């Protein structure tokens, strides 16, 4: 599945920040887990909170 197909299929799903471990963030809902990982310079630019966001929102997409 390409990135574009993933966003088309799951873009409207709401996910919440779940965890952070060794430069990797995980966002989840009851049926989907989305991860973002990177080097230490990139991941410190990602702001997270406990509010739900959609998979297609720029806060996630700019890092995927």
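A short reminder: the numbers here are calculations on the coordinates, not readings from a lab. Everything quoted here is computed from the prediction, not taken from an experiment. Positions of Cβ are backbone-derived with ideal geometry, glycine not excepted, and every protein chain shown enters the neighbour counts.
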Note to self: On the principal axes of its Cα set, how long, how wide and how thick is the chain? Give whole Å, largest value first.
What the structure shows: 30, 23, 17
Checklist line | Neighbour-count ranking [beta-carbon atoms within 10 angstrom, fewest first] of 14, 4 | finding: 4, 14
